[in-house]
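Trainee: Please find one structure pasted underneath; my questions will follow.
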Amino acid sequence: MKKGLATVAQLSAFDEIIDARSPAEFEEDRIPGAIGCPVLDNEQRRIVGTIYKQQSAFEARRIGAAMVAENIAHHLRTRFQDKPKGWRPLVYCWRGGQRSGSFVTWLRLIGWDACQLEGGYKSWRRMVVAELETLPQRFDFRVVCGATGSGKTRVLEALAGLGAQVLDLEGLAAHKGSVLGALPDRPQPTQKSFETALFEALRRFDTARPVFVEAESRKIGRIQVPEALIARMRASRCVAIDATHDARLEFLVRDYAYLGDDVSDLQRKIDFLKGLQSNETLERWKALAAAHDLPALFGEFIDLHYDPLYHRSQNRNFVRFPDAPAFPTNDLSPAGIAALAREIFAARDSTPVAAPRSEAVSPDFPAR
C-alpha cells in the first residue's frame, strides 16, 4: 500500500476502522466493525455545506477546520488515549477526502501508522454492489418453500442449530415478509445497510456446502432483494413444507401474538389490503382485530388472502418447485419444527421423489 493509503482489499490489515463521517451517514451504512468518530456532527456538516454553497469554499474550510480540530481532539482524549505505539488504524470518510485526511494527519503526527481508505466509503459501497451481482452464483441454494404459517423462518433457525448454512433474509431485513410482517421492536435497516449485511453473510459461506434460504419475493417490507440473488434462488432446488391448515393457524396465532397488543396498528395493516379484498371483508377483519379474536382473523387471512395468492403463483417463480421433496407435518410447535428441520437436514444431499402435496398447501411465492 502507498504510505498513508489503503484499499478495501486491505481492511483486515488494521487494528481499528474509524468512520469519520457524520452520525447520519454512519447510521445509514458503514463498513462492518467500524467505530463512529465524526469529525463533523450532523448539524456542523449542514452548516459547512451551506457556507460552501452560499459563500465560498475558503470560508467553509475556515469555519469547518475549527470544528474538525475540536472534534478530533475530543476523540483523541476520549477514545484513543490508551492505544499503544504499534496501533494501526484505518480512517475513512465519504470519498477519501479532507475529513478522513485531517484525522489521519493528526494520528500520524502522534506516531501511529494510520492510513486513509482510498476512495472512502464510496469504494466500499462500489465493491459491495459489484460483489452482490456475482457472489450468489457461487452457491447451491436450497429454497425452503411452504404456505404462509408453515414456520419457514423457524425451520431455518433450527437448521442453523444443526450446523447447516442458512441465509436468513427476513432476519437481515428485520421483516417477516407479509403484509403483517413489520416487527414491533425493530425497524428495518436502510437498503445500503441490508446489502452490506447480506454481502457479509454470503462471503462467509462455504461454496462446497448447500445454503438454505426461505422463498422470498423481490421485496421484504421496503427492502429490495438484489436481482442476482433472486434470480439464483428462483433457479435453485426447493424443499416444500406441507403443513396442515390447523398447524399453520396455531403457529400464526403464536408467532404473531404481538399484533393483538396494538389494535389500531393491526387495523392499519389490514387497510393495506384495500383493493385486494372487499370493503365488507376488511371491516369484518378490523372488527375481529378489535375483539382480539386472532384465531378467527388469521383463519380468514389464510383462507381468503394468503392461500389464494399462493395458488395463483404456483410454479410461476421457482422453476424447480414441481420437483421439490415435500415434508408433511401437522405439528409446528417448537418440538415439531425441530423434528421437521432434522428431516430436511438429513435429506440435504439426496433428491427423493416428491411426495404428494395437499391442496391446502400451495407453493413458495411469499404472500403480500
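The values are calculated or read from the model by the stated rules, or taken from the named source; none is laboratory data. Every value quoted in this text rests on a predicted model; they were computed, and no experiment measured them. With ideal geometry, Cβ positions are generated from the backbone for all residues, glycine too; neighbour counts draw on all protein chains shown. Heads up: the accessible areas ignore ligands, DNA and RNA and are worked out on the full protein's heavy atoms, side chains in. Shrake-Rupley method; radii C 1.70, N 1.55, O 1.52, S 1.80 Å.
Trainee: Which residues, taken from segment 111-135, are assigned to a strand (DSSP E or B) and among the hydrophobic types (A, V, I, L, M, F, W, C)?
Mentor: Within segment 111-135, 115, 117 meet the criteria.
Trainee: Under the condition of being at pLDDT 95 or above and surrounded by fewer than 17 Cβ atoms within 10 Å (Cβ to Cβ), which residue from segment 206-217 is farthest from the chain's Cα centre (by Cα)?
Mentor: Ranking the qualifying residues of segment 206-217, first place goes to 208.
Trainee: Take the conditions more than 23 Å from residue 304 (Cα to Cα) and in contact (Cβ under 8 Å) with a residue 24 or more places away in the chain and apply them to residue 213. Does it pass?
Mentor: yes
Trainee: If I filter segment 136-158 for residues that are more than 13 Å from residue 214 (Cα to Cα), of a type in the set (D, E, K, R) and not in a strand (DSSP E or B), do I get at least one hit?
Mentor: Among the residues of segment 136-158, at least one is more than 13 Å from residue 214 (Cα to Cα), of a type in the set (D, E, K, R) and not in a strand (DSSP E or B), which makes the answer yes.
Trainee: Can I ask one more? Considering segment 218-230 alone, what residues qualify as being open to solvent by less than 50 Å² (accessible area, probe 1.4 Å) and either in contact (Cβ under 8 Å) with a residue 24 or more places away in the chain or in a loop (DSSP other than H, G, I, E, B) (or both)?
Mentor: Once the filter is applied, which keeps residues that are open to solvent by less than 50 Å² (accessible area, probe 1.4 Å) and either in contact (Cβ under 8 Å) with a residue 24 or more places away in the chain or in a loop (DSSP other than H, G, I, E, B) (or both), segment 218-230 yields 220, 221, 223, 225, 226, 228, 229.
Trainee: Oh, and also: Going by what's in this entry, would residue 267 be described as closer than 14 Å to residue 179 by Cα, over 28 Å from the mean Cα position of the chain (by Cα), surrounded by 15 or more Cβ atoms within 10 Å (Cβ to Cβ) and without any contact (Cβ under 8 Å) to a residue 60 or more places away in the chain?
Mentor: no
Trainee: Residue by residue through segment 43-61, note down the ones that are surrounded by 13 or more Cβ atoms within 10 Å (Cβ to Cβ) and farther than 29 Å from residue 10 by Cβ. Explain how you work it out, then say what you get.
Mentor: First, the residues of segment 43-61 that are surrounded by 13 or more Cβ atoms within 10 Å (Cβ to Cβ): 44-49, 51-52, 59-61.
44, 46, 47, 48, 49, 51, 52, 59, 60, 61, listed by residue number.
Trainee: If only one of 279, 330 is open to solvent by 10 Å² or more (accessible area, probe 1.4 Å), farther than 15 Å from residue 144 by Cβ and without any contact (Cβ under 8 Å) to a residue 60 or more places away in the chain, which one is it?
Mentor: Unique residue meeting the criteria: 279.
Trainee: Select from segment 347-368 the residues that are open to solvent by 40 Å² or more (accessible area, probe 1.4 Å) and either modelled with pLDDT of 95 or more or touching a Cys at 6+ places or on another chain (Cβ under 8 Å) (or both) and list them in ascending order.
Mentor: Passing the criteria: none in range.
Trainee: Counting only residues that are open to solvent by 20 Å² or more (accessible area, probe 1.4 Å), assigned to a helix (DSSP H, G or I) and under 14 Å from residue 182 (Cα atoms), how many does segment 241-260 have?
Mentor: Within segment 241-260, residues that are open to solvent by 20 Å² or more (accessible area, probe 1.4 Å), assigned to a helix (DSSP H, G or I) and under 14 Å from residue 182 (Cα atoms) number 3.
Trainee: Scan segment 99-124 and report the pairs whose first residue is in contact (Cβ under 8 Å) with a residue 12 or more places away in the chain and whose second residue is open to solvent by less than 10 Å² (accessible area, probe 1.4 Å) and basic (Lys, Arg), with Cβ atoms within less than 7 Å and a gap of 6+ or a chain change.
Mentor: 99/21; 121/21
Trainee: While we're here: Can you find a residue in segment 20-38 that is more than 23 Å from residue 128 (Cβ to Cβ), modelled with pLDDT of 95 or more, open to solvent by 50 Å² or more (accessible area, probe 1.4 Å) and in contact with a helix residue (DSSP H, G or I) (Cβ under 8 Å, 6 or more places away or on another chain)?
Mentor: Within segment 20-38, none of the residues are more than 23 Å from residue 128 (Cβ to Cβ), modelled with pLDDT of 95 or more, open to solvent by 50 Å² or more (accessible area, probe 1.4 Å) and in contact with a helix residue (DSSP H, G or I) (Cβ under 8 Å, 6 or more places away or on another chain).
Trainee: Oh, and also: Taking segment 161-197, which residues are polar (S, T, N, Q) and open to solvent by 40 Å² or more (accessible area, probe 1.4 Å)?
Mentor: Within segment 161-197, 190, 191 meet the criteria.
Trainee: Any idea which of 123, 102, 150 is buried (at least 23 other Cβ atoms within 10 Å of the Cβ) and polar (S, T, N, Q)? First the steps, then the outcome.
Mentor: Values: 123 fails: buried (at least 23 other Cβ atoms within 10 Å of the Cβ); 102 fails: buried (at least 23 other Cβ atoms within 10 Å of the Cβ).
From the options 123, 102, 150, the qualifying one is 150.
Trainee: For the structure I just gave you, tell me whether residue 309 is of a type in the set (A, V, I, L, M, F, W, C), in a helix (DSSP H, G or I) and surrounded by fewer than 20 Cβ atoms within 10 Å (Cβ to Cβ).
Mentor: Against the criterion (of a type in the set (A, V, I, L, M, F, W, C), in a helix (DSSP H, G or I) and surrounded by fewer than 20 Cβ atoms within 10 Å (Cβ to Cβ)), residue 309 qualifies.
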